Each structure stands twice: as C-alpha cells, then as structure tokens.
Amino acid sequence: MSEQTPALRLENITKTFPGVKALDDVSFSVLPGEVHALMGENGAGKSTLMKVLGGLHQPDDGQIIVGEQPVRMASPLDAKSKGIVFIHQELSLADELTVAENIYLGELPRKRFGLVDWRRLYAQTNEILKRLNVSFDARALVGDLSIANQQMVEIARALTVDAKAVIFDEPTASLTDAEKVVLFDVISDLKSSGVGIIYISHRMEEIFKITDRISVLRDGAYRGTLETSKTNDEDITQLMIGRTLDLSRNLAHHDVGDVVLKVDNLSCGHLYENVSFEVRHGEVVGFYGLVGAGRTAIAETLFGLREPTAGRIYLDGQPTRIHSPADAIRRGISLVPEDRKAQGLVLGMNCRDNMTLPQVDDLKAGPFVAEGAEIAIFDQYRDRLDIRTPGWRQSVGNLSGGNQQKIVIGKWLSMHPNVLIVDEPTRGIDVGSKSEIHNLIRDLAGLGYAVIVISSEMPEVLHVSDRIVAMFSGKIMRTFTSEEVTEDNLIQAISGLSADKVA
Ligand SMILES: Nc1ncnc2c1ncn2[C@@H]1O[C@H](COP(=O)(O)OP(=O)(O)OP(=O)(O)O)[C@@H](O)[C@H]1O
Ligand SMILES: [Mg+2]
C-alpha cells in the first residue's frame with residue numbers, strides 16, 4: 001500500500017525454546033513516524049519477537065533489516081547503537097544505581113584519563129528528565145522510586161538515543177492517568193520526528209487512541225495487520241483468539257450470606273482514614289478510585305502487611321488483629337498483590353512450586369512435601385486459568401507476563417480462602433483470559449467466598465461487583481449497589497466531588 005521504506009523489517013523470524021515454538025516464521029515491519037501495535041494473547045510471542053529485535057535473543061531463522069541493510073543484533077547495546085530502543089515489560093533497571101547511571105549505563109560520559117564526568121552526567125540527565133516532567137532528579141536511587149517512576153527512567157533512557165524505532169512493551173501497566181498523558185505526549189513527539197514506534201498493549205482504548213496499524217500474533221504465528229481507523233474491538237479479538245467475546249453478558253448473580261469481614265473506622269496514618277465497610281459471603285465488592293486513593297493500603301492492612309493506626313477489623317463478628325501475612329492466611333484471608341514481581345513470585349522457581357508455596361506445610365507427608373498433591377493442584381489451576389507453559393518444571397521467569405499473573409492468581413485460589421482480595425487482577429492479561437478471570441471471580445462468590453476486587457479499570461469493577469466502594473484521597477466517598485451505580489456518579493465520587501456539589 002505505502003511506498004515508504006520501513007524503518008525496519010523483521011522477516012521470517014523463527015525462535016524455539018525448549019518445548020515451545022515461541023515464533024514461527026513471523027514477518028513484521030514498522031514505518032517511520034508510525035505507531036504500530038503488536039497484539040496477541042498472553043504467550044503469543046510479542047515480547048519474544050521484540051527481544052529478537054532488541055538483541056536479547058538470537059533468532060533460529062529469519063533476518064532483521066534496518067533501512068535497507070540486513071543486520072545482526074548481537075546484544076542489547078548493539079541493537080541500541082543501531083537505533084533500536086526497548087522499553088521492557090518487566091523493568092530491567094539496576095536498583096542500587098542512580099537514575100543517571102541507569103540511563104547512561106555502558107556509555108557514561110568520560111573526562112580525560114577515563115574518569116566519569118559526573119557533572120556532565122547529571123546535567124544531561126536532568127535535561128532529559130525535564131522533558132518528561134517528573135518529580136525526581138538524576139541523583140535519585142532507582143530502587144527508591146515507585147514502579148511508575150522507574151518506567152519513566154526507562155523512557156528517559158530511550159530519549160538519549162538517536163532512535164529509528166522505539167519498542168514499548170506494555171508501558172502503561174503501572175502508570176497513573178497523568179503519567180499516561182506524559183507518555184502519550186512523548187510517543188507523539190517521537191512519531192512526529194519520524195521514529196517508528198512499536199506498541200504492545202492489551203488495552204483496547206489505548207490501541208485506538210494512539211496507533212496507526214495493528215499486527216496480531218497468535219500462538220507464535222503472524223495472523224494479519226489491520227488499519228486502526230478501519231477496524232474495531234471485535235475484528236481484533238477475532239484475529240487474536242479466533243472467536244469474539246460477548247463482554248456485555250451478565251455474570252452470574254448469587255444470594256449473599258452473612259457478613260464475613262467488617263471494617264470499622266479503620267485508619268492508617270495519612271494513607272487512609274475512617275474507612276468502614278462490610279463484605280458478605282457470596283459477595284464481590286469492588287474498590288474503585290485513582291492510583292493513590294488508598295485502596296492498596298487497605299488491602300495490605302487486611303493482609304497483615306500494615307498495622308492500622310485506629311479502628312477495628314472483625315472476622316465472622318469477632319474483633320481480630322492481623323499482624324502478619326501468616327496471620328492473615330491462617331484466618332482465611334488471601335491477597336493477590338498488584339506488583340506480582342516483587343510480592344507474588346519467585347522467578348527462578350518452577351511453576352508448581354510457586355503455586356503451592358504458601359501451602360507447603362499443609363501438603364507435607366512426613367518430612368517430605370507430597371509431590372503428587374502439588375502437581376494435582378498445579379494441573380487443576382493450569383486448566384482452569386488456561387496457563388500456557390510446557391509443564392510445571394518451567395521456571396516462572398520464562399513464562400510470558402500474563403501467564404505469570406495467572407500463576408499468582410492460581411496460588412491464592414488454591415488456598416480456598418474465606419476472603420479473597422485481588423488487586424488489579426487483570427493487569428497485563430489478554431482480553432480472552434480477562435473475561436475468564438471475571439467469570440472465575442463471580443464463580444468464587446457463588447461458592448460463598450467473600451471477594452474484594454481493587455481495580456483501576458471502570459468496566460472491570462462495574463462488570464464484576466455486587467457493590468462498589470468509591471475512594472478518593474484515603475476516604476470512602478460513597479458505596480454504590482450495582483443497581484444505583486452509573487459511570488457518571490462513579491467518576492464524580494472518585495474525583496472527590498460529592499453529588500450535590502456537582503448538581
Ligand atoms: N526464555 C524463555 N525460555 C523458555 N520459554 C520462553 C522464554 N521466553 C518466552 N518463552 C515462551 O515463549 C512464549 C511466548 O512468550 P512471550 O513472552 O513472547 O509472550 P507475550 O506475547 O509477550 O505474552 P504476554 O502478553 O503475556 O506478555 C511463551 O510460551 C513463553 O512461555
Ligand atoms: Mg509480553
């Protein structure tokens with residue numbers, strides 16, 4: 001269609017890992033000044049294709065052409081020198097180094113005799129940070145930054161290079177709305193300066209907002225390319241998973257039972273104040289609000305990771321103190337955390353052991369853990385959550401991002417908790433599995449579990465919740481039943497505007 005020479009082309013790329021054909025004869029190209037989305041289910045091969053382009057993996061077959069030139073990307077630094085910048089799905093920064101050192105790693109500015117020119121380093125770093133409008137400076141330690149700010153450091157690193165192509169692998173997963181605006185501005189700047197942008201995301205609204213074309217992978221194979229302005233959700237989903245989804249379908253509703261969890265005037269410093277709510281058996285309560293509204297801190301208190309400064313928690317009517325996660329687990333409270341990498345998984349450990357980790361003591365037969373029981377648990381949740389892995393022996397670190405998330409969910413489900421708290425349960429999960437996880441959450445409620453769902457995605461909370469607690473700046477603004485909630489009154493509540501003020 002277009003006569004323009006692509007900024008780069010990947011031709012007939014094949015890549016196999018033990019037991020997995022991650023990429024099978026995939027071709028893909030991006031034009032200068034184009035935002036090209038790469039989509040596909042969890043494990044479809046998106047990150048692997050980009051790791052081939054970024055010099056992290058060598059392809060078994062196929063070639064990469066930059067401009068007119070076939071090239072080999074020997075290493076990430078080599079790819080960078082050829083103008084390929086990669087912003088990773090799992091952050092790849094060194095925690096113990098400063099922001100400036102991370103940005104210029106391997107290329108620190110030098111004075112005579114090879115000494116690092118720190119003044120220049122900090123000055124040029126701050127110059128770039130200014131463009132991104134961030135609140136930290138060049139000397140900050142990366143380990144002290146929030147995940148969102150760490151992401152901004154990766155983006156800053158991209159801006160130091162004379163890039164031909166920039167790859168964003170699920171960049172918005174942990175950004176606030178304000179940070180997303182900054183990111184989209186950066187992308188738009190790069191685009192108008194003629195850089196080709198490859199954008200991986202599971203979020204349809206972003207795809208429609210910023211991309212020009214969409215290419216789809218399925219099971220490691222190329223399925224086709226669509227023009228964003230001429231397509232819709234259904235066509236993309238069809239190409240991705242081979243069927244369409246009816247997302248408007250009503251989920252199962254159940255009778256609710258007695259109150260399991262009651263929180264009375266709970267406060268935790270300035271994180272949240274005077275929070276009161278109840279959750280009943282068979283009920284899903286959604287917590288909706290902006291990032292930083294205090295939702296995760298409440299979840300962490302209920303899971304024994306934070307001590308409340310005032311107020312009480314009751315379980316089955318009894319006042320309870322929860323001092324540690326072990327305490328919480330003993331009382332039947334499970335938390336699927338928001339940051340799976342830091343809190344949820346041991347990446348070097350295999351899939352089965354990650355899933356059964358909190359239960360090892362219970363599964364013991366004599367001095368040994370009963371292997372059969374562990375494998376049975378793994379198999380059950382692999383099938384139920386459609387976890388894509390060649391087997392339980394695979395290290396979790398080798399699974400795709402979305403499949404790692406499913407392992408964390410499986411781990412906590414397999415404990416049969418009374419109260420299950422899930423924090424951003426479908427972050428990084430593809431559309432097909434997302435609706436499966438929503439069904440699963442409803443099914444769990446049907447079995448009598450009390451479920452708390454924290455989510456920043458309005459369609460998600462609206463879809464799964466019986467009641468919705470709207471939070472703003474550490475306070476509960478309002479609690480809605482599913483009958484009375486609308487998108488408008490929910491947005492009002494989480495913006496800190498009370499209904500009467502608006503009217
Ligand atoms: N280093 C590795 N060793 C073994 N298998 C791997 C490795 N890296 C990826 N895989 C496998 O290759 C397949 C493709 O994974 P990839 O990470 O590319 O998926 P993805 O499309 O990025 O998915 P997601 O949306 O979940 O991030 C998966 O089956 C994954 O488990
Ligand atoms: Mg990926």
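Every read-out reported here was derived from the displayed coordinates using simple, explicitly stated rules and does not represent laboratory data. In this text, all values refer to a predicted model and were calculated from it rather than measured experimentally. Quick reminder, even Gly has a Cβ in these numbers, built from the backbone with ideal geometry, and neighbours come from all protein chains shown.
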(request) Round to the nearest 0.05 the FRET efficiency obtained for residue 16 and residue 219 when R0 = 22 Å and r is the Cβ-Cβ distance. (result) 0.95
(message) At 222 nm, what value in deg cm²/dmol follows for the chain if DSSP H runs of at least 4 each add -39500 (n - 2.57) and the sum is divided by all its residues, to the nearest 500?
(response) -9000 deg cm²/dmol
(message) Using the Cα atoms of the stretch 1-138, I'd like the radius of gyration and the largest Cα-Cα distance, Dmax, both in angstrom.
(response) 18.0, 54
(message) Would you report the distance distribution of C-alpha pairs in the stretch 8-241 as whole percents per 10 angstrom bin, up to the bin with the largest distance?
(response) 8, 32, 36, 19, 5, 1, 0
(message) With both bridge residues required to lie in the chain, what share of the DSSP beta bridges run antiparallel, to the nearest 5%?
(response) 55 percent
(request) Please work out how much length the chain gains when fully extended from residue 227 to residue 489, using 0.36 nm per residue of separation minus the C-alpha to C-alpha distance, in nm with one decimal. (result) 90.8 nm
(request) Please name which of 349, 116, 165 has its Cα lying farthest along the dipole of the chain towards the positive end, using unit charges on Cβ (Lys, Arg +1; Asp, Glu -1) and the Cα centre as origin. (result) 116
(request) Would you grab the residues whose amide H sits under 5 Å from the one on residue 478? Only those 5+ places off in sequence or on another chain, please, with H modelled 1.01 Å from N. (result) 470
(request) Please give the length that would be gained between residue 439 and residue 370 if that part of the chain were fully extended, namely 0.36 nm times their separation in residues minus their C-alpha to C-alpha distance (nm, one decimal). (result) 21.8 nm
(request) Quick one: go through the stretch 212-237 and flag any residue whose amide nitrogen is under 11 Å from the point 7 Å out along the Cα-to-Cβ line of residue 4. (result) 212-213
(request) Round to the nearest 0.05 the FRET efficiency obtained for residue 185 and residue 362 when R0 = 45 Å and r is the Cβ-Cβ distance. (result) 0.30
(request) Express in whole angstrom the spacing between the alpha-carbon centres of the stretch 390-421 and the stretch 281-341. (result) 20 Å
(message) Averaged across orientations, what area in nm² does the convex hull of the alpha carbons in the chain project?
(response) 26.8 nm²
(message) Under the 0.36 nm per residue contour assumption, what length would be gained going from the current alpha-carbon distance of residue 111 and residue 416 to full extension?
(response) 103.7 nm
(request) Please work out whether the stretch 18-94 counts as rounded, prolate or oblate from its C-alpha gyration tensor, where a ≥ b ≥ c are the square roots of the eigenvalues and a/c under 1.5 means rounded, while otherwise a/b larger than b/c means prolate and anything else oblate? (result) rounded
(request) Please order 203, 442 by the number of other Cβ within 10 Å, starting at the fewest. (result) 203, 442
(request) Mind listing the long-range amide H neighbours of residue 8? Cut-off is under 5 Å, sequence gap 5 or more, other chains count too, H placed in the peptide plane at 1.01 Å from N. (result) 30, 67
(request) Please report 97, 385, 49 as a ranked list, fewest other C-beta atoms within 10 angstrom at the top and most at the bottom. (result) 97, 385, 49
(request) Amide H neighbours of residue 60 under 5 Å, at least 5 residues apart or on other chains, H built in the peptide plane: list them. (result) 14, 15, 16
(request) State whether the stretch 169-308 is rounded, prolate or oblate according to the following rule on the C-alpha gyration tensor (a ≥ b ≥ c being the square roots of its eigenvalues): a/c under 1.5 gives rounded; otherwise a/b larger than b/c gives prolate, and the remaining case gives oblate. (result) oblate
(request) Report ³J(HN,Hα) in whole Hz for each residue of the stretch 58-66, in order, from the Karplus equation J = 6.51 cos²θ - 1.76 cosθ + 1.60 where θ = phi - 60°; Gly and Pro get x. (result) 8, x, 6, 7, x, 9, 10, 10, 10
(message) For the pair residue 384/residue 264, report the inter-label distance in nm, with labels modelled 7 Å from Cα in the Cβ direction.
(response) 3.4 nm
(request) Return the lysines within reach of residue 111: Cα separation strictly under 26 angstrom, same-chain partners fewer than 8 residues apart disregarded; answer none if there are no such residues. (result) 80, 82, 130
(message) Charges at C-beta only: +1 for Lys and Arg, -1 for Asp and Glu. How large is the resulting dipole of the stretch 8-241 about its Cα centre, in Debye rounded to 20?
(response) 820 debye
(message) Whole angstrom only: what separates the Cα centroid of the stretch 210-235 from the Cα centroid of the stretch 431-449?
(response) 27 Å
(message) Charges on Cβ only, +1 for Lys and Arg, -1 for Asp and Glu, centred on the Cα centroid of the chain; of 77, 151, 215, which one is farthest towards the dipole's positive end?
(response) 77
